[in-house]
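See structure below.
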Ligand SMILES: Cc1cc2nc3c(=O)[nH]c(=O)nc-3n(C[C@H](O)[C@H](O)[C@H](O)COP(=O)(O)O)c2cc1C
């Protein structure tokens, strides 16, 4: 009997491990020798309204997330984007064709949050043509160890802006385009992502390769 329970337990553990693997995407290490210079990217950055629909390559997605808010000093866990009191309050959710994922910077992986294509919640019109990638920046203000709520929300907005600029400059540097947008249906997003009352969606950034 005991042996049977042990076998069931091992089976459940293995199944669970498989499920976890299936639900996360391991990103490639960042390739740090690519792209235009910062000054060149600055001279070309512009917000676009027209997006290509080609799927973003695995390497480009990996590099984009690392550039956005990845760990650039592993010995201390510090990030490419600065944050008030190093609170690291900004989470990046990505909306792609097969699901919504959250970027886990410590492990440099994407963790599945919701299955399926939900990019349409960012569109104003009925359409089947969506940018291949939409980054959603969410601040969890509970990570600020002090301050009144109004102060925390100010820090959150600034921190989101810094991550957004990392994304936009990286995109420009490899001929990708984007547009930072504060406009979105936050009510639907909060329900879809099961956000709690300290998590604030602040900016969404549709991204694609540059249209020919
Ligand atoms: C905080 C912020 C919020 C924005 N929100 C929207 C938005 O909701 N919808 C939109 O189409 N563009 C939005 N934009 C994009 C701006 O309209 C755009 O950056 C501005 O026109 C300047 O153009 P540029 O980015 O090409 O320099 C936003 C930009 C910022 C910085």
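A few remarks follow.
- Extension gain for the segment residue 120 to residue 73, taken as residue separation times 0.36 nm less the Cα-Cα distance, is 13.3 nm to one decimal.
- Extension gain, residue 47 to residue 145, is 31.9 nm, computed as 0.36 nm per intervening residue step minus the present C-alpha separation.
- Computed from Cα positions, the angle between helix 2-23 and the longest principal axis of the chain comes to roughly 10 degrees.
- Using the Cβ-Cβ distance between residue 97 and residue 32 with R0 set to 30 Å, the FRET efficiency from 1/(1 + (r/R0)^6) comes to roughly 0.60.
- A Cα-only calculation for the stretch 69-116 places Rg and Dmax at 12.2, 36 Å.
- Semi-axis lengths (Å, descending) of the ellipsoid that matches the C-alpha gyration tensor of the chain: 30, 22, 20
- For the pair residue 39 and residue 211 in one chain, pulling the backbone fully straight at 0.36 nm per residue adds 59.7 nm over the alpha carbon distance.
- Calculated FRET value between residue 23 and residue 54, using beta carbons and R₀ = 22 Å, to 0.05: 0.30
- Taking the longest Cα principal axis of the chain as reference, the axis of helix 58-69 is set at about 80 degrees.
- Between 0 and 90 degrees, the angle of helix 149-173 with respect to the longest Cα principal axis of the chain falls at about 80 degrees.
- The helix-based estimate of mean residue ellipticity at 222 nm for the chain, built from -39,500 (n - 2.57) per DSSP H run of four or more residues and divided by its residue count, is -11000 deg cm²/dmol to the nearest 500.
- Normalised by 2.2 N^0.38 Å, where N is the number of residues, the alpha-carbon radius of gyration of the stretch 86-181 equals 1.19.
Rule-based calculations on the coordinates, nothing more; no lab input. All values reported here derive from a predicted model rather than from experimental measurement. Quick reminder, even Gly has a Cβ in these numbers, built from the backbone with ideal geometry, and neighbours come from all protein chains shown.
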